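Engineer: Pasting a structure below so you can have a look.
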Amino acid sequence: MGKSVARTVWEFLDERFLISDLVGFARKKTVPEHGRSFWYFFGGICLFLTAIQVATGGLLLLYYSPQVGAAHESVQFIMGGVKFGWLIRSVHSWTANILIGMMFVHMFSSFFLKAYRKPRELTWMSGFALLVLFMAFGFSGYLLPWNELSYFATRVGTDIAGSLPLVGSWLKTVILGGPDISQATLSRFYWFHVALLPVVALTLVAVHVILVQTLGMSKPIGERGTREIPFFPDFIYKDALGWTLILVLVGVLCVFLPWEIGTKADPLSSTPLGIKPEWYFTFMFSTLKIVPAHIFSLEGEKLAILGFLAGGLLWLLVPFLDRRARRGERSPLFTWIGLALAVYIVVMTVLTYTVPRL
Amino acid sequence: MKRRSAIDLFLGGSLIATIAAFLYPVVRYLLPPKRPSESQDTVVAAKTGELAPNSAKVFRFGSAPAILVNTPEGKLVALTAVCTHLTCTVRFEAETETLFCPCHNGRFDLGGNVLSGPPPRPLETFAVTVSGSDIVVSRRR
Amino acid sequence: MIFRGARLLAAASLFAPLLAFGQKNGCVDCHSQLEGNLKAPVAAYAADIHREFGLSCRDCHGGNAGTDDIALAKDKSFKGAPTKAKIPLFCGGCHANAAVMRASNPSLRTDQLSQYETSRHGQLLKTGDTKVAVCTDCHGVHGILSARLPKSRTFPWNIPQTCGRCHADKGLMESYKIPTDQVDQYMAGVHARALFEKKDLTAPVCNSCHGNHGAFPPAASSVASVCRQCHASAGELFSKSPHKKAFDDMGMGECDACHGNHKILPPSTAMIGTGEGAVCVQCHDKGSRGFEVAGEIRRTLDIFTGRYGEVESLLSLAKRKGVEVSDAEYSLLDVHTTLVSAENLTHGLDAAEIGKAVTDGETALLGVRAVAVAALKEARFRREGLAVTTAILALFAVALALKVRRMARVRRGAAGPGAPGTRPS
């Protein structure tokens, strides 16, 4: 009886949404299976973690208050006064960090497998744009609990933005909503975090996922195996397995290492020693710290920031710069460049935490 | 794959259990908590008539104590009760109409100004409004 | 005559700033080329507060500053360096004259000289003892800084060192039979910790208790008044207690009998009672009324402190396990205040009063304890919840793995080259 009810519902929806065509397309989708197809899972993991962020973020919206006098207290209330508030908030904070880490893994694995080559240039570019967007998510979200660390990390970060030549001070004012961090900043960052960035990011995610679905998975250059498995349900089940394991990890982290509330921000107190931005910014932060004050009479810091911007632009355009990959040939030069960049990021990040006063 | 196998049942069952394990905290989270979160910038410190003239009451304001004083003339003033010297809680001394810190004899007037003793800074004052039968204390903006 | 000379000096000093511009200073020109003690004043004087008021070498030492010739420089007005015994009057020439000081710094006191003459240092100096401290021993001579500046020898945290230069010198103090361990003792005590570690400039230093210019060892009765300046409530309680009359009759100092004078350690309940290290048994023998009261007070406090410590550790355990306990911590603050004031009440020796304060505190403590226990229950609940959820997820993962394996086997079994379900790349 249940089965015929289900059939009736299905036929009703299919007549109106024309789902069968979509289902037919989906049934035919396959995913290559070879020695390196393990890396295919990371995209799905990023998508899954994004969904978790949207869900937990939406739940946090219910109790959070973006007012300077109430932000910190509302987070405290979520952690202590709301049933499972501690869990929702800790999941949101931990997953944010894990997600950005997974995005780096996904980006570098796609890079080394040259997945960006024709016809997947737009997939690569939308992906890189998403990484930048999610780092902006992290930066804006970090201020919302309005604790000491977040206040001063924001101050340091926006000061760096402000030091850009020509547009620096204008940019800083626009980001902060004024000359310094204030209620305007909190409102603005809240708007970035729950309205502007989600709309842009979800649009890009849709573009990225549609491209992956229409173009299929890229096979590494020189991979000769022809084995394929169906996307539905085989690959999905494997995806789900990975997602389940990550959920277990997040759960353990949240119970044993719940995210701290911190002390309420006091703009009049002095910057805490050793203030750092979140870990995914530290490689850039430490680079700025070790760069010499002047290079050929130009300010070292400004040069470094411009260097990052230029580097980012080149990285974005890699699909068009890597001619050999475009032609389907091995491209060791770009592999080495990617390796150097990955090592650089890891080393600079580790240095930030191991060297006391960089 | 039309035939329902043991593995399929196992899969379906554990999926339902997983979904339930996630729905339970979310539903509990959404149900309104018992103590509503108040803004930590405004607090009902007392009811009208609770304080006799020339007496005071210490109450919680945010995460720190504050003091509401009913002056002999009947005026209501509210200040932080955290002494600016070494954070002891000050008390109201009716005979001298001053705020007195018992730890090192710091003394403040009812405007928060330091009269004597070691405190380096005056006490922050708060705004007091009477709303119906509530005496509401809020931070000055 | 001193005052006439001083008036002349004052008049001269009023104009000195003008004269300084472009005016030759032969003293500096010559002395800066000399060595050792004769050169030192030149560099030191650059930072001196008197220089800010336009005074130069000749305003104190006389002489002719307009010449490079040493014989001409040492003219009739030349006074040279005053002898040690004459230094107080030398400085007092300006500093004890209100009219003179008004011209430079009207709010500065002018009673230092008269105070000094009442001090032990001043009295001994009058008898001809030149080993005692005079103005320059504490304030320096050519690089005198305002006492408000941290580098001044008379800034609060430099005072122990300034006094200690003589008072910690065994050879110097031997003839006076004064002990030399006061500075060391002070540095080991709470007041030094407040001054040097917490940077609390209101903490007492040598001159807070012994006096400034009128320094004299305090009489037994006056020590307590000095302590009462800050520790008023302890003093008030003590005055109402039976100890006050007893100590006065015996001519004993009040506070320092139990707390010491230079090495004042943080007080604790260990000082009360009848056991090892308690001060009560120094006077009260076993079986006496005092002995009984001491034991009773100690027991009351110990029980309360124990209960407080238990709740505090429960709370911190819950906090370590990740449960939010800021409300309970706030309530505990009140109980802590009760504990501190109960400990303070010991000065009044009223066991009943102490008992009442403790009872109030213990009632409040019960409430906090309930919150702490609930917080620990919450921590347990979270871990149990995690275990259950992890088990469910693990089962789900196993189910998925089995399903995947079965599907792969089925596909491989049904597949052959070119079979449906596979596709050439």
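Engineer: How about segment A:295-340: which chymotrypsin sites (Phe, Trp or Tyr not before Pro) there are in a DSSP loop, with at most 16 other Cβ atoms within 10 Å of their Cβ?
Structural biologist: A:Phe296
Engineer: For B:Ala46, list long-range residues whose amide hydrogen, built 1.01 Å from N in the peptide plane, is under 5 Å from its own amide hydrogen.
Structural biologist: Distant-sequence amide H within range of B:Ala46: B:Ile135.
Engineer: I've got another one for you. Please list, in chain and number order, the residues 5+ apart from A:Trp259 or on another chain whose amide H is under 5 Å from its amide H, with Hs placed from the backbone.
Structural biologist: Those lying under 5 Å, H to H, from A:Trp259 are A:Ser90.
Engineer: List the lysines whose Cα lies under 16 Å from the Cα of A:Lys238, skipping any in the same chain that are fewer than 8 positions away.
Structural biologist: The reachable lysines, counting only those whose Cα sits under 16 Å from A:Lys238, are A:Lys29, C:Lys403.
Engineer: Now a separate question. Are there trypsin sites (Lys or Arg not before Pro) in segment C:81-176 that DSSP marks as loop and that have at most 15 other Cβ atoms within 10 Å, and which are they?
Structural biologist: Those that pass, being in a loop and sparsely packed, are C:Arg109, C:Lys131, C:Arg148, C:Lys151.
Engineer: Among the complete DSSP H segments of chain C, which ones combine at least 18 Å of alpha-carbon extent along their axis with a mean Kyte-Doolittle hydropathy of 0.0 or more?
Structural biologist: For chain C, where a helix must reach 18 Å along its axis and average at least 0.0, the hits are C:2-20, C:326-345, C:351-414.
Engineer: Let me ask you something else. Quick check on chain B: take the gyration tensor over C-alpha atoms, sort the square-rooted eigenvalues as a ≥ b ≥ c, and tell me if it's rounded (a/c under 1.5), prolate or oblate.
Structural biologist: In terms of gyration-tensor shape, prolate.
Engineer: On a 0 to 90° scale, report how tilted helix B:6-30 is relative to the longest principal axis of chain B, with both axes built from alpha carbons and the result rounded to the nearest 10.
Structural biologist: Between the helix axis and the principal axis of chain B, the angle is about 20 degrees.
Engineer: Which links in A:Lys264/C:Lys263; C:Lys39/C:Lys84; B:Lys75/C:Lys198 stretch past 28 Å when you go from one Cα to the other?
Structural biologist: A:Lys264/C:Lys263; B:Lys75/C:Lys198
Engineer: Here's another thing I want to ask about it. With θ taken as phi - 60° and the coefficients 6.51, -1.76 and 1.60, list the Karplus ³J(HN,Hα) couplings across segment A:247-256 in order, rounded to whole Hz; mark glycine and proline as x.
Structural biologist: Once rounded to whole Hz, the list reads 4, 4, 4, 4, x, 4, 4, 5, 7, 8.
Engineer: Name the residue from C:Leu317, C:Phe381, C:Gly367 whose Cα lies farthest towards the positive end of the charge dipole of segment C:289-385, charges +1 on Cβ of Lys and Arg and -1 on Cβ of Asp and Glu.
Structural biologist: Positive-end residue among those listed: C:Phe381.
Engineer: Where in segment A:60-94 does the amide nitrogen come within less than 17 Å of the point 7 Å from the Cα of A:Ala195, taken along Cα to Cβ?
Structural biologist: Residues A:61-62, A:64-68 qualify, since their backbone N sits under 17 Å from the label point.
Engineer: Taking chain A as a Gaussian network, where each spring joins two C-alpha atoms under 10 Å apart, which residue of A:Ile19, A:Ile305, A:Ile210 fluctuates the most?
Structural biologist: A:Ile19
Engineer: Need one word for chain C: rounded, prolate or oblate. Basis is the Cα gyration tensor (sqrt eigenvalues a ≥ b ≥ c); a/c below 1.5 gives rounded, then a/b vs b/c decides.
Structural biologist: oblate
Engineer: Could you pull out every one of the lysines with an alpha carbon less than 18 Å from that of C:Lys177, ignoring same-chain neighbours closer than 8 positions?
Structural biologist: The reachable lysines, counting only those whose Cα sits under 18 Å from C:Lys177, are C:Lys131.
Engineer: Quick one: 3J(HN,Hα) in Hz for segment C:122-136, Karplus 6.51/-1.76/1.60 with θ = phi - 60°, rounded, Gly and Pro as x.
Structural biologist: Each residue of segment C:122-136 in turn: x, 5, 5, 4, 4, 7, x, 7, 9, 7, 6, 6, 10, 3, 5 Hz.
Engineer: Moving on. Can you list the GluC sites (Glu not before Pro) in segment A:195-295 that are in a DSSP coil and have 15 or fewer other beta carbons within 10 angstrom?
Structural biologist: A:Glu223, A:Glu260
Engineer: Using +1 at the Cβ of each Lys and Arg and -1 at the Cβ of each Asp and Glu in the protein assembly as shown, identify which of A:Ser182, C:His31, A:His294 lies farthest towards the dipole's positive end.
Structural biologist: Comparing the listed Cα positions along the dipole, A:His294 ranks first.
Engineer: May I ask which of A:Lys83/B:Lys47; A:Lys28/A:Lys118; A:Lys276/C:Lys321 have a Cα-Cα span longer than 29 Å here?
Structural biologist: A:Lys83/B:Lys47
Engineer: Let me ask you something else. Where nothing but the Cβ of Lys and Arg (+1) and of Asp and Glu (-1) is charged, how large is the charge dipole of segment B:42-138 around its Cα centre, in debye to the nearest 20?
Structural biologist: Using Cβ point charges on Lys, Arg, Asp and Glu, segment B:42-138 gives about 240 debye.
Engineer: Work out the charge dipole of the protein assembly as shown with +1 on the Cβ of Lys and Arg and -1 on the Cβ of Asp and Glu about the Cα centre, then indicate which of A:Thr271, A:Pro32, C:Tyr176 is farthest towards its positive end.
Structural biologist: A:Pro32
Engineer: Could you work out how much longer the chain between C:Ala387 and C:Lys39 gets when fully extended? Use 0.36 nm per residue separation minus the Cα distance between them, nm to one decimal.
Structural biologist: 117.2 nm
Where a number appears in this text, it was derived from the coordinates with a stated rule and is not lab data. Owing to the predicted nature of the structure, the values given are computational and were not obtained by experimental measurement. So basically every Cβ, Gly included, is an ideal-geometry build from the backbone, and we count neighbours across all protein chains shown.
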